[in-house]
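A short worksheet on the structure shown next.
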Amino acid sequence: MPEPIPFSTALRERSTAAHSSSETSGFMSDLMQGEGSREDYVALVAQHWFIYAALESAAEAMRQDPVAAAFITDRLTRLPALEADLEFLIGPDWRDRIESLPTTQRYVDRIDAVGATWPGGFVAHHYTRYLGDLSGGQFIGKVMARRFGFETNGIGFYVFDDIADPAAFKDAYREQLDAAPWDEAEKARVIDEVLLAYRFNTELFEDLARAKAEAAA
Ligand code: HEM
């Protein structure tokens, strides 16, 4: 009998195409290629604030769940770093000067819904954001720092002070995914939820591009 494919591997393989769509979205690739402005970067940070407020408040509730709890750690928490970044980038009144875009609102509503009811769905959203932040995010943070002259202020979101070795952290996270007591049907649902999370991220880039075009018109 061939060894079954570990769930974490199946998840990565099934989401490769969705990852490429996100990664190559015009708004993101412009930012990465030096064609996006500081304002574009700030607009993205602002949307992250709404998303992580939802994700991290769901995490607080999910700490009670034995399966979801295995994934939750304060070492990942991003909200304080995002708030410090926004204060630096926008000013002390940042909260009055940002609003969520339509896709962000739908993304937040979905995190709120699964975060209150479905541990596997919560893990799907947790995985899509945090493993991404610890992967491509590390590179994105460095590019933004170089492009806009940030040292730590402004890119704190990408700096995980409590995770010295992101590769080792991601390996341990994948072991937790492989150890989750999900049957095949639940694993398929979790993968579908990851694909949905990717779709929100891609559509958010599209919203950001649209908002930018409208502001320029
Ligand atoms: C410019 C944009 C992006 C770049 C350059 C990028 C790059 C990468 C790279 C190189 C990896 C593989 C790292 C490794 O094997 O350890 C990775 C993994 C990952 N990325 Fe991205 N990424 C981008 C955008 C995104 C977005 C928007 C999301 C979704 C929110 C995302 C979610 C993920 C996830 C979940 C993984 C981990 C896959 C796994 O190992 O299971 N990425 N990314």
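Worth a mention:
- Of all residue pairs spaced 6 or more apart or on separate chains, those with beta-carbon atoms under 9 Å, a first member in the stretch 118-141 that is more than 17 Å from Asp192 (Cα to Cα) and a second member that is among the β-branched types (Val, Ile, Thr) and within 6 Å of the ligand (Cβ to nearest atom) are Asp133/Ile140.
- Yes/no for Ala84 being surrounded by 14 or more Cβ atoms within 10 Å (Cβ to Cβ) and part of a helix (DSSP H, G or I): yes
- Filter pass, Ser57 being more than 16 Å from the ligand (Cβ to nearest atom), without any contact (Cβ under 8 Å) to a residue 60 or more places away in the chain and closer than 21 Å to Ala209 by Cβ: no
- Of all the criteria given as (1) among the aliphatic types (A, V, I, L, M); (2) open to solvent by less than 10 Å² (accessible area, probe 1.4 Å); (3) outside any helix (DSSP H, G or I), the one not satisfied by Ala164 is (2).
- Within the set Ala172, Ala116, Ala145, the sole residue that is within 13 Å of the ligand (Cβ to nearest atom), among the small types (Gly, Ala, Ser), in a helix (DSSP H, G or I) and at negative phi turns out to be Ala172.
- Asp192 vs. criteria more than 13 Å from the ligand (Cβ to nearest atom), at pLDDT 95 or above and either of a type in the set (Ser, Thr, Tyr) or open to solvent by 40 Å² or more (accessible area, probe 1.4 Å) (or both): yes
- Residue list for the stretch 1-43, filter: more than 10 Å from the ligand (Cβ to nearest atom), assigned to a loop (DSSP other than H, G, I, E, B) and hydroxyl-bearing (Ser, Thr, Tyr): Ser37
- Look at (1) within 16 Å of the ligand (Cβ to nearest atom); (2) touching a helix residue (DSSP H, G or I) at 6+ places or on another chain (Cβ under 9 Å) and you find that Glu186 fails only one, number (1).
- Residue within the stretch 136-146 that is at pLDDT 95 or above, among the aromatic types (Phe, Trp, Tyr) and open to solvent by 10 Å² or more (accessible area, probe 1.4 Å) present: yes
The values are calculated or read from the model by the stated rules, or taken from the named source; none is laboratory data. Everything quoted here is computed from the prediction, not taken from an experiment. FYI the Cβ positions are ideal-geometry reconstructions off the backbone, even for glycines, and counts take in every protein chain you see. Note: areas computed on protein heavy atoms with side chains; ligands, DNA, RNA excluded. Shrake-Rupley method; radii C 1.70, N 1.55, O 1.52, S 1.80 Å.
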